[in-house]
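Trainee: Questions regarding the structure given below will be posed in turn.
The values are calculated or read from the model by the stated rules, or taken from the named source; none is laboratory data. For clarity, every value in this text was computed on a predicted model and none was experimentally measured. Quick reminder, even Gly has a Cβ in these numbers, built from the backbone with ideal geometry, and neighbours come from all protein chains shown. Just so you know, the surface numbers come from the protein's heavy atoms only, side chains and all, with ligands and any DNA or RNA stripped out. Shrake-Rupley method; radii C 1.70, N 1.55, O 1.52, S 1.80 Å.
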Amino acid sequence: MPNNIIVYDLLISCPSDVAEYVDMLEKEVLHFNNFFGRSNNIIVRTSTL
């Protein structure tokens with residue numbers, strides 16, 4: 001039986017001198033998706049400007 005999945009798009013817009021923090025944020029979103037999101041049918045997708 002298919003599950004309904006809620007997908008959130010997260011736009012990360014910031015200056016280039018904080019690239020290391022953007023990497024950390026993307027890793028944490030992946031961690032959220034794998035541990036919390038999967039069990040609650042939620043996915044957060046990141047994109048950067």
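Trainee: Please give the number of the condition Asn3 fails out of (1) on the phi > 0 side of the Ramachandran plot; (2) over 14 Å from the mean Cα position of the chain (by Cα).
Mentor: (1)
Trainee: Looking at this structure, is Val29 part of a helix (DSSP H, G or I) and either open to solvent by 60 Å² or more (accessible area, probe 1.4 Å) or in contact with a strand residue (DSSP E or B) (Cβ under 6 Å, 6 or more places away or on another chain) (or both)?
Mentor: yes
Trainee: If you scan the stretch 2-18, which residues turn out to be loosely packed, with under 11 Cβ neighbours inside 10 Å and farther than 16 Å from Leu30 by Cβ?
Mentor: Matches in the stretch 2-18: Pro2, Asn3, Asn4, Ile6, Leu11, Ser13, Pro15, Ser16, Asp17.
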